[in-house]
Amino acid sequence: MDLFGIFLIAGAVIFLGFVGETIFRKTNIPDVIWLIVFGILIGSVWKLVSPEHFGYAAPVFTTFALIFILFEGALNINLKTLFNEMFHGTLLTLINFILSVLAVTGVAWVMGFRLIYGVLLGIVLAGTSSAVVIPIVKNIEAKKGTVLMLTIESAISDVLCIVGAITLIKIIKLSSFDLSSVLNNVAGAFAIAIVIGAICGLFWTLLLQRIVSKHTRSYMLTIAFLLILYGVVEYIKSSGAIAALSFGLVLGNSKKIFESLNRSAENPVPTSAKFFYSEISFFVKSFFFVYLGILLDFTDVALLLWSAAITLLLFIIRPLAVYITVRKRYDQKERSIMSALVPKGLAAVVLAELPKQYGIKGLDSFSTIALMVVFFSILLSTVLVFLTEKDYFRGFGSMFYRIFRWVDRVEPEAPEKRMRKTKTRATKIKSSEEAVKSESGGYERNTQSKM
C-alpha cells in the first residue's frame, strides 16, 4: 500500500473510534463493533490491507496496547476496594478458566483434535481480554465491585493462559510433565511481577514529586518508565502485564498510601494526566480492534460454524462460574453483566500462533479457530452488554438456572426491591399495631361507660 493510503486509513480509524465512542455514550452500542467491522472491510472484503503489511510492527503494537490499557485502567481503581474484591475476582478467574478448558476440550475432541491439542485450545481461549473488558465497564452503569472483579479477572486470566499454553506446548514437545514446576512458574509470574510493579510505583511517585512541577513532559516520562518496567519484568521471565497493572494501581493510589504513612504527598496523576492517558488508550484501542478485524478470514464455513459453537458454549457455561462466585453479593443485572463479558483478545491471538512457531504439526486450523472465537466472543459480549443495559436481556444465567433447578432454586432479589419490601412490611406492622391499640382503646372506653 502507498504511504498516502496508510495515512488515509489511519485517519479514518481515529474518526471512526471517536464517532463510535460518541454513539457508545448515547446509546450503549459499543464502539468495538464498528472498529472490527471496519477491519474486516479493509482486510478480507476490499483487500486494501493484509496482516503481512504490518510485519514486526504488529506484535509490538498489540503488546503496547495490552500493557497501556491495563495501566490506564488501574489508575482509576481504589486500592481498598480492590483488596475487598481480590478474593472473588481470583475465584471467578479460576472457576471460569477450568470450566472453559473443559468445554473447549470437549468440542475440540468432537472435531477430531487429539485430546492434548484440545486442552491446548481450551487454555488459549479460557481467558478474558483486558483490552475489551476495561473500556466497556468504564462506560456502563455497573457497581465498583463488578468493575474490579472483571478487571482482575482479565489481568489474571491472561497470565494463566500464557503460562499454561507455553507449559503444555513444552510437554507436547518433550513428552514430560512436572506439576511442581508448573505451579512454581505460575506463582513466580504473579508474585515477582506484583512486587516489582508496586516498588516501581512507589519509587516513581517520589521521583514525580520533584519532576511534575518543573517539567511539562512528565506524563511522557511515566509512559517511558512503564515501557522499561515491562521490558525488565519480561526479561526475567515474569509477567510484564501484571507488573504494569500493579504499577498503575500504586501510582493511582500513591497519595492515600503516603497519607496512611503520615507523609504528605502531591497527587502524581492529576486529572490532566488521566485525560492524557485516556486519549492514548483510545488511540491504541481503536487500532487494536481494526487490526483484529484485518486478521479474520471467513472462507472456511465449517470452521466458522465450529468456532461459533465454541463461543456459544463458553457463554452458556459462564453463568455457573458467576453463580458460584457472587450469587449472594450482587443483583440480577450485575450478574448478567458479568455473564455477558467473556471476550477473548490479545492473549488468544498471540498464543494461537505458538504451535506453528514451535513446529507442532497437525494444527493447521488452530489459529483460524482461535481468531474466529475471539471475533465472535467480542461481538456477542458487546451485544449482550448493550441488551443488558437496556434491560432487554437478563443473562444466560436465568435460562441456565431454570433448567438446572438444583443449582439455583430461589432467585435473589435486587437490594432495592428487598429494601422496598422491608419498608412495606414495617409500615404494615406499624399500621396493625395502631389498629390494635385503637380497638383496645375503644373497648376500654365502652367498658367504662357501661360501668
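Mind giving me the FRET efficiency for Ile166 and Ala10? R0 is 35 Å, r the Cβ-Cβ distance, nearest 0.05 is fine.
The calculated FRET efficiency here is 0.55.
Going by a ≥ b ≥ c, the root eigenvalues of the Cα gyration tensor, does segment 1-64 fall in the rounded group (a/c under 1.5), the prolate group (a/b larger than b/c) or the oblate group?
prolate
Can you run phi through the Karplus equation (6.51, -1.76, 1.60; θ = phi - 60°) for segment 59-64 and list ³J(HN,Hα) in whole Hz, with x for Gly and Pro?
3J(HN,Hα) across segment 59-64, in whole Hz: x, 5, 5, 5, 5, 4.
Counting other beta carbons within 10 Å of each residue's own, what order do Asp300, Asp391, Asp158 fall into, fewest first?
So the residues, fewest neighbours to most, are Asp391, Asp300, Asp158.
Read the figures in this text as sums done on the coordinates, not as results from a lab. Values in this document were obtained by computation on a predicted structure and should not be read as measured data. Quick reminder, even Gly has a Cβ in these numbers, built from the backbone with ideal geometry, and neighbours come from all protein chains shown.
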